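Note sheet for the following structure.
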Ligand SMILES: O=C(CO)[C@H](O)[C@H](O)COP(=O)(O)O
């Protein structure tokens, strides 16, 4: 079976066990499978979305989508990831440029589930070779890139989403992809730069359960 579908089904089991009234729904192709499965399940709660893409899909399936701005607690959330590193347990997210809203949803959630196929799982951060995305308020682009250069972090402005020029996030911001190893060493400095709205690293405090489609599970309640 498609590993994304397997992971989606495993996540649905976890979600239904917890009977959430409000469910956070992440972004990406693995989450697309989850939305399909959720729509065929007995789930009757409301949903909160992390992107326009997810909102449209949820609405298409008839879900009641609650505005993220007006929600102060989400019972469970399900999202994907671009890299899961196990030592320490952490994620790189933002391949779909939805990192800011994904982080807001994760922060508001009481139980956070991430679903991935085995190709996403590595031992050490940056082993998968994906960049660390940051969401940057456009007016601060020069200031942020000047600071990245000062810190010795290689960056590129993300482009290529079916339009000319840079990718624009659902919040009207830019995405910069940072060379992983150096950015990882300097996460705290990068987070504190003026104009950086979100950094696509999700650390242990934002992870309750990672479900890998091959049956591995990582998180607070599982053996690693
Ligand atoms: O962080 C994300 C979007 O910003 C996605 O969850 C991540 O990119 C994984 O996507 P996919 O399931 O398509 O591999």
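Read-outs throughout are calculated quantities, based only on the coordinates presented, and are distinct from any laboratory measurement. Source: prediction; values computed, not measured. Here the Cβ is made from the backbone with ideal geometry for all residues, glycine too, and neighbour counts use every protein chain on show.
Which whole number of Å³ per residue matches the convex hull of the alpha-carbon atoms in the stretch 69-140? Before the final figure, lay out each step's value.
On the way: hull volume 7.9 nm³, N = 72.
Cα convex hull per residue, to the nearest whole number: 109 Å³.
If each DSSP helix of 4+ residues adds -39,500 (n - 2.57) and the sum is divided by the residues in the chain, what number results at 222 nm, nearest 500 deg cm²/dmol? Numbers along the way, then the final one.
Numbers: 7 runs with 68 residues, N = 224.
Mean residue ellipticity, 222 nm, calculated: -9000 deg cm²/dmol.
At a 10 angstrom cut-off on C-beta neighbours, averaged per residue, how do the peptides 169-178, 97-106 rank from highest to lowest? Kindly include the intermediate steps, with their values, before the conclusion.
On the way: 169-178: 20.5, 97-106: 25.2.
Listed from highest to lowest mean packing, they are 97-106, 169-178.
When N counts the residues of the stretch 132-199, how does its alpha-carbon radius of gyration compare numerically with 2.2 N^0.38 Å, as a ratio? Write down the numbers at each step before the final one.
On the way: Rg = 11.3 Å, N = 68, 2.2 N^0.38 = 10.9 Å.
Here the Cα radius of gyration is 1.03 times the empirical estimate.
In degrees between 0 and 90, to the nearest 10, how far off the longest principal axis of the chain does helix 3-18 point, with axes built from Cα atoms?
For helix 3-18, the angle is close to 60 degrees.
Angle check, please: helix 99-108 long axis (alpha carbons) against the longest principal axis of the chain (alpha carbons), in degrees 0 to 90, nearest 10.
50 degrees
Using only the Cα atoms, work out Rg/Rh for the chain, with Rh taken as the Kirkwood radius, to two decimals. Display every interim value, and only then the final one.
Values: Rg = 17.0 Å, Rh = 17.7 Å.
Reported Rg/Rh (Cα atoms, Kirkwood Rh): 0.96.
Could you check which residue among 96, 24, 45 shows the biggest mean-square fluctuation in a GNM of the chain with a 10 Å Cα cutoff?
45
Tally the DSSP beta bridges in the stretch 132-199 and give the antiparallel ones as a percent, rounded to 5. Show your work: numbers first, answer last.
On the way: 13 of 13 bridges.
The antiparallel fraction comes to roughly 100 percent.
How do 158-164, 77-83, 128-134, 10-16 rank on mean C-beta neighbours within 10 Å, highest first? Don't jump to the answer; show the numbers that get you there.
Numbers: 158-164: 11.0, 77-83: 26.6, 128-134: 21.7, 10-16: 18.7.
Taking the mean over residues of other Cβ atoms within 10 Å, the ranking is 77-83, 128-134, 10-16, 158-164.
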